[in-house]
Amino acid sequence: MTSRRSTPRWLADAVMYQIYPQSFADSDNDGVGDLRGAAQRLDYLSWLGVDTVWFSPLFASPFGDAGYDVMDYLAIAPRYGTNEDAFALVEAARERGIRVMLDLVPGHTSHRHPWFQHSAHDPADHRYIWSDRVGAPVRDWIPNQGRRGGYYLANFYPIQPALNFGYARMDPAEPWRQPVDAEAPQANRAALRKIMAYWFDHGVSGFRVDMAASLVKDDPGLAETAKLWGEMRDWIDATYPDCVLLSEWGDPKTSVPAGLHADFFLHFVGRGMRSLWDNSTGSRGSWWTDQACYFDPDGRGSMAEFLSAWGEADRAIDGAGFVALPTANHDFSRLTCGPRTRDMVAPAFAFQLTWPTLPVVYYGDEIGMRYVPGLPDKEGSQLDGEARQGSRTPMQWDDSANAGFSGAPADRLYLPVDPAPDRPTVAGSQADPTSLLHQVRQLIALRRATPALGTGGSVEVLSDGYPFVYLRGGSHLVVVNGRREPGRVALGGLSGAFRPLVAHGAEVRDGDVVAEGFGYGVFEL
């Protein structure tokens, strides 16, 4: 591990927004979102208060896995536009004070990538992981259709051959294994730097790194994978010091000290996000349990698991990076899902935007878009029982046809628009000063105006039940009640005047915090 690194100042203050490009805004009315459509909505994002936008994969792809099967890392997929459209969007966003991050898929490519097409026919090409017999587990080894014969290792779907970053351990029973310092694994590291440099040179501010922990195989403790990202970080710090890597690793205590600037608490890790708003409905995979989350309407959950994981990560990071906390993502159920309706989710935003994490808002969550059940599989969205398409429906802009997403016929849309007659829209929410959207905007503005509520302010938990009460920076009291029943907590020795900055069903009364069902508040001491 290298000595403690510094991070760009802008990242500490960032409020991020994830765009699923095929579902956000369609400018050419072909039913699929695109970059020009997204550019036309930048003023909305500026109004909302976000300053960093992360796009799910935009690169050329056959879209067997919604773009996570990359065919060319240096070219925008034609359905989204051109490289020039991407450069123009980056510039237009920068003019509004918004940075753009892209999604990097480093662990595998599409089987149609020219690298794989060459490797499938050339036994001397070890850019991918090849064996002349089936390895273990059997389901991950795919028969090769090229002249080379044999089998290749796939990361997820058979169409996603794993790039060779080497193995941490050799095994005589598996002679195909190569060490991390072999020629092909080192060539793949060089290729990653080349890809990132191209987009950094064109104004992109960073990458969300897909499955960052998966690169080096048979890597106990992920030590060699950590070294790999440490090398990448050293290169970025020396060459592009204002750029960042946000990893999909799910273990910030390991990934951030290794060199990544930030890492998510992810639902499938079983920690952090699982204990907050995963209510075991919607996109349910093999990880699904009946464990109640804290933001459970009946109040059956606990903050204990989150607080334990958060404390462990915070101590390990020691100010050298950040934990990112998303409202949802393209693989996971939205906040508004199952029994949790959109009038219940504001407390989750109040927590996310006042806890010392990097907040990431998944597109549409800010208006209460719901997880839509029962949709058809689309581009590999149905994975191991997880119906991920329910969180990928078109953004709901207004009450016009297709919710303002596209002028295409409804049957040509990437996915159907939520059919609910009371579906929320941006236009309707902007017109209603009591809407979830206005509450989220108010919380973002408050975070920006109040350094004690950001990533750098201290946090002291005063009550970990209902309501959840904590002190930020020694100067701001936050109250969050994730259930429908009201709650009351005695503040003990904490006294003085409490000036409400944001108060929706919460108050300080006679030395106690009192919160209505789904109430929250931020008070200045």
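Annotations for the structure displayed:
- Counting heavy atoms of the protein chains alone, Val459 has an accessible area of about 50 Å² for a 1.4 Å probe.
- J(HN,Hα) series, the range 502-517, from Karplus relation 6.51 cos²θ - 1.76 cosθ + 1.60, nearest Hz, glycine and proline x: 9, 9, 10, x, 9, 7, 9, 9, 6, x, 10, 8, 10, 10, 6, x
- Whether the range 464-525 is rounded, prolate or oblate, judged on the alpha carbon gyration tensor where a/c under 1.5 counts as rounded: prolate
- Segment Leu494-Arg4, length gained on full extension (0.36 nm per residue, minus Cα span): 172.8 nm
- Surface composition of the chain: carbon and sulfur make up 51 percent of the accessible area, probe 1.4 Å.
- Euclidean distance of C-alpha centroids, the range 474-525 and the range 328-402, integer Å: 28 Å
- Over the chain, DSSP H runs of length four or greater, each weighted -39,500 (n - 2.57), average out per residue to a 222 nm ellipticity of -6500 deg cm²/dmol.
- Cross-linked pairs Lys194/Lys227; Lys217/Lys253; Lys227/Lys378: Cα-Cα separations exceed 25 Å for Lys227/Lys378.
- Inter-part distance, the range 143-161 to the range 202-258, computed on C-alpha centroids, equals 26 Å.
- Global geometry of the chain, whether rounded, prolate or oblate, following the gyration tensor of its Cα atoms and the 1.5 cut on a/c: prolate
- Put simply, the amide H of Ser302, placed in the peptide plane, has neighbours under 5 Å in Tyr294, leaving out anything fewer than 5 places away on its chain.
- Three semi-axes describe the equivalent ellipsoid of the range 22-155; taken as square roots of 5 times the Cα gyration tensor eigenvalues and ordered largest first, they are 37, 14, 13 Å.
- Residue-normalised accessible area of the range 351-419, expressed per residue, 1.4 Å probe, Å²: 29 Å²
- Per-residue ³J(HN,Hα) for the range 461-466, Karplus 6.51 cos²θ - 1.76 cosθ + 1.60, θ = phi - 60°, Hz, x for Gly and Pro: 7, 9, 8, 9, x, 10
- On the beta carbon distance between Asp399 and Gln40, with R0 = 22 Å, the FRET formula returns roughly 0.75.
- Dipole-positive endmost among Met369, Leu494, Phe87 within the chain (Cβ charges, Cα centre): Leu494
- Whole-Hz Karplus values for the range 237-247 come out as 4, 7, 10, 9, x, 9, 9, 9, 10, 10, 9 Hz, taken residue by residue from phi with 6.51 cos²θ - 1.76 cosθ + 1.60 and θ = phi - 60°; glycine and proline positions read x.
- Amide H contacts under 5 Å for Thr52, placed H, 5+ residues apart: Val15, Tyr17, Arg99
- Per residue, in Å², the accessible surface of the range 1-105 once ligands and nucleic acids are set aside, probe 1.4 Å: 34 Å²
- Size of charge dipole - the range 156-277 - debye, nearest 20, with Cβ of Lys, Arg +1 and Asp, Glu -1, no other charges: 260 debye
- Accessible area of Lys378 in the full protein assembly, 1.4 Å probe (Å², nearest 10): 70 Å²
- Trypsin sites (Lys or Arg not before Pro) within the range 63-120: DSSP coil, no more than 15 neighbouring Cβ in 10 Å: Arg96
- Cα gyration tensor category, rounded, prolate or oblate, for the range 1-74 with a/c compared to 1.5: oblate
- Under 5 Å, built H, 5+ apart or other chain: amide partners of Asp103: Phe55, Leu58, Arg208
- Rounded to the nearest whole angstrom, the semi-axes of the ellipsoid equivalent to the range 355-431, taken from the Cα gyration tensor as √(5λ), stand at 21, 20, 10, largest first.
The values are calculated or read from the model by the stated rules, or taken from the named source; none is laboratory data. For clarity, every value in this text was computed on a predicted model and none was experimentally measured. Counting neighbours? That spans all protein chains shown, and the Cβs are built from the backbone with ideal geometry, glycine included. Surface accessibility is based on the protein's heavy atoms, side chains included, excluding ligands, DNA and RNA. Shrake-Rupley method; radii C 1.70, N 1.55, O 1.52, S 1.80 Å.
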